[in-house]
Amino acid sequence: MPSPSPLDVPPDALFGAHNLPYGVFSTAAEPGRRRLGVAYGDQVLDAGAAARATGAPAELTALLTAASLNPLLAAGRPVWTRVRAALTGWLTADRHRAAVEPCLIPRADVVLHLPFDVADYVDFYASEHHAATVGRIFRPGAEPLTPNWKHLPIGYHGRAGTVVVSGTPVVRPCGQRKAPADPAPDYGPSRRLDIEAELGFVVGAPTAQGSRVALADADAHVFGVCLVNDWSARDLQSWEYVPLGPFLGKSFATSVSPWVVPLDALAAARVDPPPRDTEPLPYLDDRAARPPYGLDIALEVRLNGHLVARPRFAAMYWTYAQMLAHLTVNGASLRAGDLFASGTVSGPERWGRGALIELTWNGEQPLELPDGSRRGFLEDGDEVTITATAPGPGGARIGLGAVSGRIAPAH
């Protein structure tokens, strides 16, 4: 009886033919050679090798033999569509099996790297539930949302150079800390290290400085999505953020998943965003958009292997198209490899909160973990893993993979 082919992937596989996320990998045999890969079942397709083996056009072969996603990102949506169709055919059509099967490598045997060179990084604050909960924690009795919150997607410009791939250790940051009752700040390791479970959007087709991206053009520029953990030192952040916003409390590390799921793979996950009670300005008005820009993505957050939260992205007030429209409304240009993240994904229920500051009410109500330990904020050695799935065609689900990080002691 012949052994099963790695091309025979079950239809309910999270990394099946309806997904085909992109990543960058190397192997133990060639650790210095980075290659573009596509996750398929429990395998990774060497995309460049498959392009050569199937006699793909030179243009596609050049893009798929690159050492990062950036050349493909820059090529634009018509090329993204051609490449996705080619990959689907190589992996599913019988006529390609003999050529493509040798291009598959078990996923367990590869090392995954940052899938694209991050050009710029912007982080938003798009969850009304997260913003309102944090507002109630820090401004009890007052209006939880700031006056501008429902008029524009609030964000800040982060540090692209500290975006790291899943599995990279996260060193506890040091900086100035000052509790409200302290007479003066002191210096030392963060005592209130937190997570933020987010969705990231990877930008492809660039724009000229001075131009804007309209809502209707968002999908021409958003290549795909990844998972993000925007690690946050709450004590550093609370002391420094007035008046210019986050700085050292955020810039020490942002972890991303190694797989970028194409936006095309999320067609079945598109839903209407939640109802809004404030009239948006015209450039942010997406009420007539079809398909809608909301995404029904289910996240799970685990701390040391224990499930602590199940945030739902469908509850996000601001959509990715609105974020991109606002990001560029002043004429700021886009570059291939730009990353913008949603901010913490949170819902109205406690189990739907995507940050420890919410889950533990700023540390006052620590989590009780099944192993008997308690956590208000992260301790050295703690590992956080965020996973996510989304609806696929025909009732199937597709996976976004995972983003993990373990806290290392401060240097």
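Specify whether the C-alpha gyration tensor of segment 22-113 places it in the rounded, prolate or oblate class, a ≥ b ≥ c being the square roots of the eigenvalues: rounded for a/c under 1.5, otherwise prolate if a/b is larger than b/c and oblate if not.
oblate
Apply the a/c threshold of 1.5 to the C-alpha gyration tensor of segment 198-247 and tell me whether it is rounded, prolate or oblate.
Oblate is the answer for segment 198-247, as a/c is 1.5 or above yet b/c matches or exceeds a/b.
Please list 3J(HN,Hα) in residue order for segment 213-230, calculated via the Karplus relation 6.51 cos²θ - 1.76 cosθ + 1.60 where θ = phi - 60°; whole Hz, with x for glycine and proline.
9, 6, 3, 5, 9, 4, 5, 6, 10, 8, 6, x, 10, 9, 8, 10, 10, 8
In whole angstrom, note down how far apart the Cα centers of segment 206-242 and segment 322-384 are.
14
Arrange the peptides 184-190, 115-121 so that the one whose residues have, on average, the most other Cβ atoms within 10 Å appears first.
Those peptides, ordered most packed to least, come out 115-121, 184-190.
Please state the shape class of segment 62-110: rounded when a/c is under 1.5, otherwise prolate if a/b exceeds b/c and oblate if not, all from the C-alpha gyration tensor.
oblate
Grab the Cα-Cα distance for Asp94 and Ala184, subtract it from 0.36 nm times how many residues apart they are, and report the gain in nm with one decimal.
Extra length from Asp94 to Ala184 when fully extended: 25.4 nm.
Fewest Cβ neighbours within 10 Å first, please rank Asp46, Asp285 accordingly.
Asp285, Asp46
Taking amide H positions as placed 1.01 Å from N in the peptide plane, with prolines and chain starts having none, which residues 5 or more places from Thr146, or on another chain, fall under 5 Å of its amide H?
The list, which skips near neighbours in sequence, is empty: none.
Fewest first, what order do Glu198, Glu30 take by the number of other Cβ atoms within 10 Å?
So the residues, fewest neighbours to most, are Glu30, Glu198.
Long-range amide H contacts for Val222: which residues qualify at under 5 Å (H placed 1.01 Å from N, peptide plane, sequence gap of 5 or more or a different chain)?
Those qualifying (amide H under 5 Å, at least 5 residues apart or on another chain) are Gly204.
Return the sequence-ordered ³J(HN,Hα) values of segment 232-242 in whole Hz as given by the Karplus equation 6.51 cos²θ - 1.76 cosθ + 1.60 applied to θ = phi - 60°, using x for Gly and Pro.
Per residue, the Karplus-derived 3J(HN,Hα) values read 9, 8, 5, 6, 5, 5, 5, 7, 9, 6, 8 Hz.
Below 13 angstrom from the Cβ of Leu339, what's the summed charge of the other residues (Lys, Arg +1; Asp, Glu -1)?
After counting each charged neighbour, the total is -4.
Bear in mind that the values in this text are calculations on the coordinates, not laboratory data. Keep in mind it's a predicted model, so treat the numbers as computed, not measured. Neighbour counts run over all protein chains shown; Cβ positions are idealised from the backbone, glycine included.
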